[in-house]
Amino acid sequence: MTEVPRPPLLPPTRAEYCVIACAEAWRDAGEILASPMGLIPSVGARLARLTFAPDLLLTDGEALVVRPDGTAEGWLPYRQHLALVTGGRRHVMMGASQIDRFGNQNISCIGDWERPKRQLLGVRGAPVNTLNNPTSYWVPRHSRRVFVEKVDMVCGVGYDHAGDARYHRIPRVVSDLGVFDFATPDHAMRLASLHPGVTVEQVREATAFDLVVPGDVPQTREPTADELRLIREVVDPANLRAREVGA
Amino acid sequence: MSDKTMTADEVVSRLHSGMTLGIGGWGSRRKPMALVRALLRSGLTDLTVVSYGGPDVGMLAAAGRIRRLVAAFATLDSIPLEPHYRAARERGAFELMEVDEAMFMWGLRAAANRLPFLPVRAGIGSDVMRVNPGLGTVTSPYDDGETFVAMPALRLDAALVHVNRADRLGNGQYLGPDPYFDDLFCEAADTAYLSCERIVDTAELTKDAAPQSLLIKRHTVTGVVEAPNGAHFTSCAPDYGRDEAVQKTYATTPWPQFAARFLGGDEQAYQSAIREGS
């Protein structure tokens, strides 16, 4: 039998580094529900499920728990989903219209809540998520309008508002520029890794608060060849990820 | 046993301005839109609306019928932000009690269980507490001593929900993947009105469907309305999916024009108007 040689892989795109950075949020998570909101986090969760986090549970975005190929393996209507949140067996990655230095997140409105300049979605489940299960965030366009000094409405609870909340944890924030965490003495946001091609200056320029930057900032890890093939051929063959984060 | 069938207009004739109305479904999914359209045809106003918001909230807000809204969000799902809700909020058209979607559920559960509140681990630390200064907290009387939000009961004067099938007595059946919270809305309400795609004989309900699809029990239901396509343009799986074309027209047309084109007549006129294409 002769093996057909596969064409050499093109180098990873920025969107693919973002997929890897999101997928890593669920490494070693065990048998819990991964709740990605947004396209790249969804690609990341499915990639994690197919590779290093095979015990993850995934949903179809409605009421079914599904295998990566779409086969139903469970029923999770909203009422059970909300119960699962409070049981803690879930790691959600939400979006953020605004996020601040201590990880407070806003998806409700811009401006004064009484009469907003721009009404957005509403608090949704951010208050319950952040007090009950690990909550990470995904920001496809890192800018000073998103990474703000102070959010206009605290929906997702940040470290400075969490008090002694026993199940509060924000494992990571992923943007198109890098990965961020709160592993600092006062839980202020820290630059944890840069996507290849991005500089510290670029990130500082796009962030409206004083970001903690360690002396030596690592780069977001490379996808393996196997991961790249899975992303490109199995999980997102239509390359929808490129629409969320361009080259 | 009483036959509870009535028309959508009869439902509305039993409601009053100033009432607290719970509306079932979620976002742009299985909303009792035929009942909402009947509300829009009536003069009812000054309403407190309690909803996992979708176009029900958008339309009632655009038409100026809402005095106060209790919600965690408003969305059209495939169109993330509800444009008419946004516009109404940005012009300060109504009062808002903005709570988390789990707090909302526990508020309905408290009402259904005749409790004044239920403790919930949500809200504390967030600005939900700032914008709802009336929300109280409660501390566990046990060793843990944790403090929770005491989510007040969301008691409803009336609930409006839409399901796939029902009998004339008010037994309601959903055939899609998610019951949402429609049974809870009915249990939390003094009166509940159930519209459905088709009224069938009681025996017909479980002929081809499992008994756990019988979501709504007749003791919680006041009136039953047969309203084919009654969730349109929201989804009503498996009978039909969301009508994305009409939803897009709704989202991109100024409200007065949309209302004039689609909501000027009765339900039959609406159903003809949407068949003529968007």
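The values are calculated or read from the model by the stated rules, or taken from the named source; none is laboratory data. The structure displayed is predicted, hence computed values, not measured ones. Neighbour counts run over all protein chains shown; Cβ positions are idealised from the backbone, glycine included.
For this structure, a couple of remarks:
- Hits in the stretch A:124-146 (condition: hydrophobic (A, V, I, L, M, F, W, C) and touching a strand residue (DSSP E or B) at 6+ places or on another chain (Cβ under 6 Å)): A:Ala126, A:Trp138, A:Val139, A:Val146
- Residues in the stretch A:79-109 that are within 10 Å of chain B (Cβ to nearest Cβ), aliphatic (A, V, I, L, M) and outside any loop (DSSP other than H, G, I, E, B): A:Leu82, A:Ala83, A:Val85.
- For the stretch A:130-144, filtering for residues that are assigned to a loop (DSSP other than H, G, I, E, B) and under 20 Å from B:Val99 (Cβ atoms) leaves 1.
- For the stretch B:80-110, a residue qualifies if it is within 17 Å of B:Pro256 (Cα to Cα) and among the acidic types (Asp, Glu), and exactly one does: B:Glu82.
- Residue list for the stretch B:14-62, filter: surrounded by fewer than 18 Cβ atoms within 10 Å (Cβ to Cβ) and closer than 24 Å to B:Glu187 by Cβ: B:Arg14, B:His16, B:Gly18, B:Met19
- The one condition in (1) more than 22 Å from A:Ala23 (Cα to Cα); (2) touching a residue at least 40 places away in the same chain (Cβ under 8 Å); (3) at the interface with chain B (Cβ under 7 Å from one of its Cβ atoms) that A:Asn132 fails to fulfil: (1)
- Matching helices (runs of 4 or more DSSP H) fully within the stretch B:96-207 where at least 3 residues are within 11 Å of chain A (Cβ to nearest Cβ) and more than 21 Å from the chain's Cα centre (by Cα): B:128-131
- Residue in the stretch B:223-240 that is out of contact with any Pro (no Cβ under 7 Å at 6 or more places or on another chain) and in a helix (DSSP H, G or I) present: no
- The requirement of being among the aliphatic types (A, V, I, L, M), under 23 Å from the mean Cα position of the chain (by Cα) and outside the structural domain of B:Val57 (by TED's automatic domain parsing) is not satisfied by B:Ala93.
- Only one of A:Gly158, A:Gly103, A:Gly197, A:Gly88 that is at pLDDT 95 or above, at positive phi and within 16 Å of the chain's Cα centre (by Cα): A:Gly103
- Residue in the stretch A:65-76 that is touching a Lys or Arg at 6+ places or on another chain (Cβ under 8 Å), modelled with pLDDT of 95 or more and not in a helix (DSSP H, G or I) present: yes
- Of the residues making up the stretch A:151-188, those that are farther than 28 Å from A:Ala15 by Cα and within 14 Å of chain B (Cβ to nearest Cβ) number 13.
Yes or no, residue by residue, for (1) modelled with pLDDT of 95 or more; (2) farther than 24 Å from A:Cys109 by Cα; (3) among the small types (Gly, Ala, Ser):
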| position | (1), (2), (3) |
| --- | --- |
| B:Leu118 | yes, yes, no |
| B:Gly123 | yes, no, yes |
| B:Asp127 | yes, no, no |
| B:Pro133 | yes, no, no |
| B:Gly136 | yes, no, yes |
| B:Glu146 | yes, yes, no |
| B:Met151 | yes, no, no |
| B:Ala158 | yes, yes, yes |
